[in-house]
1. List every residue pair whose Cβ atoms sit under 7 Å apart, with the two residues 6 or more apart in sequence or on different chains, where the first one lies in the stretch 16-31 and is under 18 Å from Ser2 (Cα atoms) and the second, anywhere, is polar (S, T, N, Q) and surrounded by fewer than 16 Cβ atoms within 10 Å (Cβ to Cβ).
2. So which residues in the stretch 94-104 are surrounded by fewer than 19 Cβ atoms within 10 Å (Cβ to Cβ), more than 16 Å from Ala15 (Cα to Cα) and of a type outside the set (Ser, Thr, Tyr), if there are any at all?
3. Taking the stretch 28-43 as the region of interest, how many residues are closer than 13 Å to Lys17 by Cβ and over 12 Å from the mean Cα position of the chain (by Cα)?
4. Checking Ile87 against (1) more than 21 Å from Glu3 (Cβ to Cβ); (2) surrounded by fewer than 17 Cβ atoms within 10 Å (Cβ to Cβ), only one condition comes out false. Which one?
5. Could you grab me the full set of residues in the stretch 5-25 that are small (Gly, Ala, Ser), closer than 12 Å to Arg38 by Cβ and either modelled with pLDDT of 95 or more or surrounded by 14 or more Cβ atoms within 10 Å (Cβ to Cβ) (or both)?
6. In the stretch 60-69, is there at least one residue being touching a strand residue (DSSP E or B) at 6+ places or on another chain (Cβ under 6 Å), modelled with pLDDT of 95 or more and hydrophobic (A, V, I, L, M, F, W, C)?
7. Name every residue in the stretch 65-108 that is of a type in the set (Gly, Ala, Ser) and part of a strand (DSSP E or B), in order of residue number.
Amino acid sequence: MSESSSHKRAKSKAAGKSGQTEVPLSKNRKLDAATKNRATEVERSGTNSGLKKAVERLRDSKKNQKVLQVPQKDMKKAVESMKTIGIGGTVKNMSGTRRISVPKKKKS
């Protein structure tokens, strides 16, 4: 299935002028957008499995900043997915007007 126009637009905006889109990861996966320090994944489906896969791609990107961009109604689900997998980062809505910071899990 091809990407929606809003998905393409969010991806290219996240990459900016210096970043790139469709960055290859291991196991034949692709990260939506990456710059030198930031990895961005756009997930519009809102399903738990889709969010989980997007968070795993962010984790495997090994970038300092991780951003998961989802529709407004799915922000709470996205935060829960990040906490479950145990990575810190930011959850943003599609327009970028709201953001939630998710702290990294502390090693004990």
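1. Sorted first by the residue in the stretch 16-31, then by its partner, the pairs are Thr21/Ser12.
2. Passing the criteria: Arg98, Arg99, Ile100, Pro103, Lys104.
3. The number of residues fulfilling the criteria is 2.
4. Tallying (1) more than 21 Å from Glu3 (Cβ to Cβ); (2) surrounded by fewer than 17 Cβ atoms within 10 Å (Cβ to Cβ), Ile87 fails exactly one: (2).
5. Answer for the stretch 5-25, where residues must be small (Gly, Ala, Ser), closer than 12 Å to Arg38 by Cβ and either modelled with pLDDT of 95 or more or surrounded by 14 or more Cβ atoms within 10 Å (Cβ to Cβ) (or both): Ala14, Ala15, Gly19.
6. yes
7. Matches in the stretch 65-108: Gly89, Ser101.
The values are calculated or read from the model by the stated rules, or taken from the named source; none is laboratory data. Only a predicted model underlies this, so the values are computations on that prediction, with no experimental measurement involved. Because the Cβ atoms are built from the backbone with ideal geometry, glycine has one as well, and the counts that use them run over all protein chains shown.
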